[in-house]
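Reviewing the structure listed below.
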Amino acid sequence: MEYSFYDLLKLLGSLALFLYGMKIMSEGLQKFAGDRLRKILTVMTTNRVTGVVTGALITALVQSSSATTVMVVSFVNAGLLTLAQSISVIMGANIGTTVTAWIISALGFQVDVSAFALPLLAFGILLIFSQKSSRKSVGEFIFGFSFLFMGLSMLQANAPDLSKNPEMLAFVQDYTDMGFGSVLLFVLIGTVLTMIVQASSATMAITLIMCANGWISFELGAALVLGENIGTTITANLAALTGNTQARRAALAHLVFNVFGVIWVLCVFPFFTGAVSWFVENVMGVTEMSVSVPYMLSAFHTAFNVCNVLVLIWFVKFIERTVCMLIPQKEQDEEYRLRFITGGMLSTSELSILQASKEIHLFAERIHRMFGMVRDLLHTEKGDDFNKLFSRIEKYENISDSMELEIANYLNKVSEGRLSSESKLQIRDMLREVTEIESIGDSCYNLARTINRKRQSDEDFTEKQYEHIHTMMKLVDDALAQMIAVVERTEHAQVDVNRSFNLENEINNYRNQLKNQNIVDVNNKLYSYQMGVYYMDIIGECEKLGDYVVNVVEASSDVKEKKSA
């Protein structure tokens, strides 16, 4: 079999199309289907069992576990699925792919999703040129979906076609008599083969040919199948290359799940293969060797995945912790995700209010971090570093908008239940807190935009201006830290609310002082009028931010009073 440099370039081009499709599909999902799809997926994956069933059904429909896991990675990347939910869906996908194998072997029927890719693009292009942003987002999703499956199909088509040249693998006969060493070697060969051909079904076909030709025994064929289960995870991990930390964790969870499964099956390998052989020969009644080996391999594949799910479904949290440890969260990759408020049914009113208050505290902490980024942005010199930090602040602004909306919606749902008049007033004040915290986020973003505009000019602030900005930002930072202490609402913590009002007075007085001084300095030509505008924009926005902080403190104090009443 010849495999030229041109064939390699076609393979890399297919990979590029696949990764680009994954990126576009994920972005389209984020823009359009966020809230609605999140609700649907939350219902479908309320617990581990429903998650497994969802994964199995989706895989049986699209007839590709690779496609399912890639979509799951995309959903995690878009923030529509949590890591724990994605692990259970991936477990289901592993079962679904074995169901597909039985359907194909029994009916010879397989849906080629990539065949629909080009017709889908015809619909997608109409939506992309639409004036309505939601339709554009749907068009982007369709384009991404089409490119993803075209790329996946081309990856398989342009990979070395070993299934039509099985003679290349005849050399493995020399390594079949090494006992358990042969089993481990064939697990490795199965892994590498599947990674090369990019399709576990193709590797399964190669395995069947090798067994049918008598090159290897059923036991070594089963070892190849175990390796195929590890190798097939490469597709999801390739897809996750363009994703965020959570997406990479979801892809790694697929690998960890299959590796754990292979390890425990290898520990009981003789008993497991013996049980499958007995089942095919005695229960299914297939005794002829040429017929029984393919059935044994299919049965082994199914038994492995089903048993693996039954064993590891109880260790979803452990797998989650493992992948989080292996891929730590980078601070700049922080994704929007409510931590205390979850979808589904509301808790009791008191517990719901407690969950919301914890979420508000987390919201306040995120906004404080955002202000810290703005302070860093002021002195970031390198272009790339500046752009990265500015993009991160922009992202936090979007996060604050989403958090405000979701917490407010949750509190509105809680207020529709049977509540005491005190609790209803408490919710009203909490809604005010959320609105004001979001306004602080807007102020932080406005500060970042002003710093960005100043950077694009040819001038810079004087040392005195920088000194005054630092002093103002330090006052605001202290006010934010004090606000978080007030918002925390611990039972025993006694926080002096008056300190927040004192800080706000200091901020106001300092703003007035700098405003008057700025007029004098511009007249004395110490800096240009434009630099004075940028300077006072920053000072004025800091003062506004201080007002929002006091509003949060007032609302939070009212909540505490009603809670203790």
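The values are calculated or read from the model by the stated rules, or taken from the named source; none is laboratory data. Worth saying up front: this structure is predicted, and the values here are computed from it rather than measured. Every residue, glycine among them, receives a Cβ derived from its backbone with ideal geometry; neighbour counts consider all protein chains shown. Remember, those area values only see protein heavy atoms, side chains included, never the ligands or the DNA or RNA. Shrake-Rupley method; radii C 1.70, N 1.55, O 1.52, S 1.80 Å.
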Which one is least open to solvent (accessible area, probe 1.4 Å), of the residues in region 519-531 that are closer than 14 Å to Tyr466 by Cβ and of a type outside the set (D, E, K, R)? Met531
Pull up region 237-283, narrow it to residues that are among the polar types (S, T, N, Q) and without any contact (Cβ under 8 Å) to a residue 24 or more places away in the chain, then point me to the one that is farthest from Ile95 (Cα to Cα). Asn282
Can you name the residue in region 490-512 that is of a type in the set (A, V, I, L, M) and at pLDDT 90 or above and, of all such residues, is farthest from Tyr535 (Cα to Cα)? Leu503
Among the residues of region 79-113, the number that are at pLDDT below 75, under 25 Å from the mean Cα position of the chain (by Cα) and in a helix (DSSP H, G or I) is 2
Residues of region 226-260 being open to solvent by less than 20 Å² (accessible area, probe 1.4 Å) and over 16 Å from the mean Cα position of the chain (by Cα), in sequence order, are Leu226, Gly227, Glu228, Asn229, Gly231, Thr232, Thr233, Thr235, Val256, Phe257, Asn258
Just for region 409-424: of the residues that are more than 11 Å from Ala356 (Cβ to Cβ) and part of a helix (DSSP H, G or I), which one is least open to solvent (accessible area, probe 1.4 Å)? Ser423
May I ask you to verify whether Thr50 is at pLDDT 65 or above, assigned to a helix (DSSP H, G or I), open to solvent by less than 30 Å² (accessible area, probe 1.4 Å) and under 19 Å from Ile87 (Cα atoms)? no
Return yes when Phe300 is loosely packed, with under 14 Cβ neighbours inside 10 Å, more than 27 Å from the chain's Cα centre (by Cα) and at pLDDT 75 or above and no when it is not. no
State yes or no: is Glu350 farther than 21 Å from Thr82 by Cβ, at pLDDT below 80 and in contact with a helix residue (DSSP H, G or I) (Cβ under 8 Å, 6 or more places away or on another chain)? yes
Exactly one of these conditions fails for Ile451: (1) touching a helix residue (DSSP H, G or I) at 6+ places or on another chain (Cβ under 9 Å); (2) open to solvent by 10 Å² or more (accessible area, probe 1.4 Å). Give me its number. (2)
Of the residues in region 348-387 that are in contact with a Leu (Cβ under 8 Å, 6 or more places away or on another chain) and among the aromatic types (Phe, Trp, Tyr), the one that is surrounded by the fewest Cβ atoms within 10 Å (Cβ to Cβ) is Phe386
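Residues checked against (1) aliphatic (A, V, I, L, M); (2) open to solvent by 50 Å² or more (accessible area, probe 1.4 Å); (3) not in a helix (DSSP H, G or I):
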{"site": "Leu431", "(1), (2), (3)": "yes, no, no"}
{"site": "Val434", "(1), (2), (3)": "yes, no, no"}
{"site": "Ser439", "(1), (2), (3)": "no, no, no"}
{"site": "Leu447", "(1), (2), (3)": "yes, no, no"}
{"site": "Glu467", "(1), (2), (3)": "no, yes, no"}
{"site": "Val476", "(1), (2), (3)": "yes, no, no"}
{"site": "Leu480", "(1), (2), (3)": "yes, no, no"}
{"site": "Asn502", "(1), (2), (3)": "no, yes, no"}
Kindly evaluate Val70 against the criterion of being at pLDDT 70 or above and either open to solvent by 40 Å² or more (accessible area, probe 1.4 Å) or touching a Lys or Arg at 6+ places or on another chain (Cβ under 6 Å) (or both). no
Residue check: is Gly372 modelled with pLDDT of 65 or more and either among the small types (Gly, Ala, Ser) or part of a helix (DSSP H, G or I) (or both)? yes
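One line per residue, one yes/no per condition, for (1) without any contact (Cβ under 8 Å) to a residue 24 or more places away in the chain; (2) closer than 30 Å to Tyr529 by Cβ; (3) touching a helix residue (DSSP H, G or I) at 6+ places or on another chain (Cβ under 8 Å):
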| site | (1), (2), (3) |
| --- | --- |
| Thr380 | yes, yes, yes |
| Asn387 | yes, yes, no |
| Leu405 | yes, no, no |
| Ser420 | yes, no, no |
